[in-house]
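Written out below as structure tokens is the structure these notes cover.
Where a number appears in this text, it was derived from the coordinates with a stated rule and is not lab data. What you see is a predicted model; the values in this text were computed from it and never measured. Here the Cβ positions follow ideal geometry from the backbone for every residue, glycine too, while neighbour counts run over all protein chains shown.
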Amino acid sequence: MTQDPTLVVSAAELAPAPLHQAFVGAFADYLIGPFRTTLAQWPDLLSRQGIDLGLSRVLLSDRDHQILAFAFVAPRPESARWRLATMGALPAARGSGAAAHLLNDMLARARAAGLAEAELEVFAQNERALRLYRGRGFEALHELHGYQALPGRVAPAACEFRTLDHGAALTWLRDEAQARLRDLPLQVTAASLQSASGLSAWQKGSAQLMFSQPDAATVVAGSLIDWHPAQDDARALLKALRAEFPQATLRVPQLQRLDIGGQALRELGFETLPMHQLLMRAKL
């Protein structure tokens with residue numbers, strides 16, 4: 001721990017501005033680059049990550065009540081788990097045991113709440129964090145890769161699919177995908193995407209693709225799920241997407257399981273990004 005006395009408080013007790021400032025400061029030198037989230041975007045980030053500030057904890061310096069570290073928690077009632085949505089320490093608190101203290105606190109509270117498991121995602125290349133999580137009993141369930149395809153004209157894809165409105169796409173995620181599949185990353189599920197704006201959704205058979213176009217040069221797949229092992233429908237939807245946006249770079253964040261769409265991406269020649277995440281679970 002730090003040399004000065006510290007105290008742990010609920011994140012709900014703090015104003016948004018210092019929480020946001022601590023988040024930006026903790027990730028200023030992050031493995032994949034700093035976060036550019038503004039204070040105005042802070043509520044959207046909390047919503048997309050499913051964060052419950054009442055369940056989240058912040059470590060403060062007892063001397064001046066400055067934030068040293070934080071652990072934000074997202075409940076996942078459908079799987080009876082808590083998810084460590086994000087945890088960070090300010091540079092001055094690194095190496096002090098602050099992060100380990102908050103992780104121990106989260107696991108103890110989850111156990112006291114009657115939960116049997118906790119989960120998180122971590123970049124496999126973040127060796128320090130990975131050692132901490134493994135030391136607390138977290139084990140890898142799935143690799144979560146990211147992909148991209150650079151602009152290039154492709155042949156028009158003969159693919160019959162349904163275009164869904166936002167509500168229907170969320171219903172498909174809940175009633176079809178989440179009812180069949182366990183251990184989906186929160187960010188590709190209805191709980192996270194219900195607050196997202198600007199998403200289009202295509203559905204075909206066992207697959208659904210939700211995507212956005214943040215600018216004319218980029219298309220981002222926010223959720224690609226195909227519960228059929230062959231992933232034929234995912235492959236068809238991806239071909240149609242490439243044909244629809246030939247001049248755009250198509251990107252898939254590092255949240256894609258190989259068994260529910262990742263294999264289709266690879267077979268279509270999407271480049272696998274160099275860094276990937278692990279979806280991890282700990283028994284409590």
> When the Karplus curve 6.51 cos²θ - 1.76 cosθ + 1.60 is applied with θ = phi - 60°, which whole-Hz ³J(HN,Hα) does each residue of the stretch 110-125 get, with x for Gly and Pro?
Replying inline: 5, 5, 5, 7, x, 7, 9, 8, 9, 9, 6, 10, 8, 5, 4, 7
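Which of the trypsin sites (Lys or Arg not before Pro) found in the stretch 63-172 are loop residues per DSSP with 12 or fewer other Cβ atoms within 10 Å of their Cβ? Please list the in-between numbers first.
On the way: sites: ARG63, ARG81, ARG83, ARG94, ARG109, ARG111, ARG128, ARG131, ARG134, ARG136, ARG153, ARG162; in loops: ARG63, ARG94, ARG136, ARG153.
Here the sparse-neighbourhood loop sites are ARG63, ARG153.
How large is Rg/Rh for the chain, to two decimals, with Cα atoms and a Kirkwood Rh?
Working: Rg = 19.8 Å, Rh = 20.0 Å.
Ratio of gyration radius to Kirkwood radius for the chain: 0.99.
Using a/c under 1.5 as the rounded threshold, could you call the stretch 27-168 rounded, prolate or oblate? The axes a ≥ b ≥ c are square roots of the C-alpha gyration tensor eigenvalues, and prolate needs a/b larger than b/c, oblate otherwise.
Numbers: a/c = 1.88, a/b = 1.64, b/c = 1.14.
Here the stretch 27-168 falls in the prolate category.
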> Tally Lys/Arg at +1 and Asp/Glu at -1 over every other residue whose Cβ is under 14 Å from the Cβ of GLN178; what's the total?
Replying inline: +1
>> Of all beta bridges DSSP finds with both residues in the chain, what is the antiparallel percent, to the nearest 5?
In response: 90
> Taking amide hydrogens as modeled 1.01 Å from N in the peptide plane, which residues meet the under 5 Å criterion relative to THR249, leaving out close sequence neighbours?
Replying inline: THR218, VAL219
> Using alpha-carbon pairs under 8 Å, 6+ residues apart, how would you state the relative contact order of the chain in percent?
Replying inline: 21
>> Quick one: 3J(HN,Hα) in Hz for the stretch 188-196, Karplus 6.51/-1.76/1.60 with θ = phi - 60°, rounded, Gly and Pro as x.
In response: 9, 9, 4, 4, 7, 7, 4, 9, 7
> Just the Cα atoms of the stretch 99-230: what Rg and Dmax do they give in Å?
Replying inline: 18.3, 57
> In whole Hz, what ³J(HN,Hα) sequence does the stretch 204-214 give by Karplus (6.51, -1.76, 1.60; θ = phi - 60°), x for Gly and Pro?
Replying inline: 8, x, 8, 10, 9, 10, 10, 8, 9, 10, x
